[in-house]
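To keep things clear, I will list the structure first and then write my remarks on it.
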Amino acid sequence: MPQNRITGTVAIVTGASSGIGEATAKELAALGASVAVVARRSDRLDALVAEIEAAGGSALAVAADITDRVQAERAVQAVVDRFGRLDILINNAGLMLLGTVVEQDIEDWERMIAVNQNGLLFMTKAALPHLLAAAEDGLRGVADIVNISSIAGRQAWAGFAAYNMTKFGVNGFTEALRQEVTKKHVRVGVLEPGAVETELISHNNDTVKEGLTVSDAENIPEKLQPQDIAESIAYMVTRHRRSSIAELWAMPTSQA
């Protein structure tokens, strides 16, 4: 198999109904993977699957709320039942709700922890047995997990405290898991984007947006596009099995 192809593999992409997840699903499908797209908005997933299939790819829509452990487990099982294996997991689903510790609602914290951390944990736990099995067979001899973190997993700012906590946690979990399974040829890497043109900031109200500083995505003159991150993810999962990308920090040139 050519080094830059993943033909015959099966990938799961969470948060696939828009932005980075949608672009990544298309990118991996174009490289030959059968792609399961996971999110809550089933209408968008169905449209994405139709687009991938029209381009000659193979895809499956799995509507699920991955913050529910049972739904996450069922989503992984549905993919294995359909395609017979699992080679790549892209934990992309994320939520960014900003505000000061004094003023922000605790419910916002709970929502971010549920999506950014619990959802990632549940999907990873359910997927790992299948990824370990894929790493032992003759297709590629390797499997991949890519966790989408953020520059906010590297640097903290006022108004980002709870979001910072979730993304610093993703980074720590990723590194610990990498040490556990990479020698078994399940590669585990974290990708930390800067500002990307997605729906992420739109989950905040106008008052919060107006109070943000130059560290936030609203003030970056030329943001990254979802395709930029999709290409970075593709780079990570298409390396020769001897090469493992543990961390990739992707920044807009105007933000770096």
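For the list (1) over 27 Å from Leu224 (Cβ atoms); (2) under 15 Å from the mean Cα position of the chain (by Cα), I need the number of the one condition that Ile90 fails.
For Ile90, the failing item is (1).
In segment 57-105, which residues are touching a helix residue (DSSP H, G or I) at 6+ places or on another chain (Cβ under 6 Å) and assigned to a helix (DSSP H, G or I)?
Across segment 57-105, the qualifying residues are Arg69, Ala72, Glu73, Val76, Val80.
For segment 98-111, does any single residue satisfy the condition of being within 19 Å of the chain's Cα centre (by Cα) and either surrounded by 20 or more Cβ atoms within 10 Å (Cβ to Cβ) or of a type in the set (Ser, Thr, Tyr) (or both)?
Within segment 98-111 (the criterion being within 19 Å of the chain's Cα centre (by Cα) and either surrounded by 20 or more Cβ atoms within 10 Å (Cβ to Cβ) or of a type in the set (Ser, Thr, Tyr) (or both)), the answer is no, since none of the residues qualifies.
Spot the failing condition for Val13; the list is (1) assigned to a loop (DSSP other than H, G, I, E, B); (2) touching a residue at least 60 places away in the same chain (Cβ under 8 Å); (3) under 13 Å from the mean Cα position of the chain (by Cα), and only one is missed.
Failing condition for Val13: (1).
Could you pull out the residue among Ala134, Ala127 that is touching a residue at least 40 places away in the same chain (Cβ under 8 Å), among the small types (Gly, Ala, Ser) and out of contact with any helix residue (DSSP H, G or I) (no Cβ under 9 Å at 6 or more places or on another chain)?
Going through Ala134, Ala127 in turn, just one is touching a residue at least 40 places away in the same chain (Cβ under 8 Å), among the small types (Gly, Ala, Ser) and out of contact with any helix residue (DSSP H, G or I) (no Cβ under 9 Å at 6 or more places or on another chain): Ala134.
Yes or no: segment 134-149 includes at least one residue that is crowded, with 24+ Cβ neighbours inside 10 Å, of a type in the set (Ser, Thr, Tyr) and under 20 Å from Glu27 (Cβ atoms).
Yes, segment 134-149 contains a residue that is crowded, with 24+ Cβ neighbours inside 10 Å, of a type in the set (Ser, Thr, Tyr) and under 20 Å from Glu27 (Cβ atoms).
Output the number of residues of segment 216-230 satisfying the condition of being farther than 12 Å from Pro193 by Cβ and charged (D, E, K, R).
Here the count works out to 3.
Pairs please, first residue from segment 158-182 and over 28 Å from Arg239 (Cβ atoms) and outside any helix (DSSP H, G or I), second anywhere and modelled with pLDDT of 95 or more and of a type outside the set (A, V, I, L, M), Cβ atoms under 6 Å, 6+ apart in sequence or on different chains.
Sorted first by the residue in segment 158-182, then by its partner, the pairs are Gly159/Thr100.
Which of (1) more than 19 Å from the chain's Cα centre (by Cα); (2) surrounded by 18 or more Cβ atoms within 10 Å (Cβ to Cβ) does Gly8 not meet, given it meets every other one?
For Gly8, the exception is condition (2).
One line per residue, one yes/no per condition, for (1) among the aliphatic types (A, V, I, L, M); (2) within 25 Å of Thr7 (Cα to Cα):
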{"residue": "Gln77", "(1), (2)": "no, yes"}
{"residue": "Glu103", "(1), (2)": "no, no"}
{"residue": "Asp108", "(1), (2)": "no, no"}
{"residue": "Thr124", "(1), (2)": "no, yes"}
{"residue": "Glu136", "(1), (2)": "no, yes"}
{"residue": "Ile145", "(1), (2)": "yes, yes"}
{"residue": "Gly153", "(1), (2)": "no, no"}
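Just a yes or no: is a residue in segment 17-30 touching a His at 6+ places or on another chain (Cβ under 8 Å), touching a residue at least 24 places away in the same chain (Cβ under 8 Å) and not aliphatic (A, V, I, L, M)?
No.
Is at least one residue of segment 12-20 in contact with a Leu (Cβ under 6 Å, 6 or more places away or on another chain) and either of a type in the set (A, V, I, L, M, F, W, C) or closer than 19 Å to Leu132 by Cα (or both)?
Yes, because at least one residue in segment 12-20 is in contact with a Leu (Cβ under 6 Å, 6 or more places away or on another chain) and either of a type in the set (A, V, I, L, M, F, W, C) or closer than 19 Å to Leu132 by Cα (or both).
Would you point out the residue of segment 40-56, among those that are of a type outside the set (A, V, I, L, M, F, W, C) and part of a helix (DSSP H, G or I), that is nearest to Gly8 (Cα to Cα)?
Per the criteria, the residue is Glu53.
The values are calculated or read from the model by the stated rules, or taken from the named source; none is laboratory data. All of these numbers come straight from a predicted model, not from anything done at the bench. Here Cβ is always computed from backbone atoms with ideal geometry, including for glycine, and neighbour counts include all displayed protein chains.
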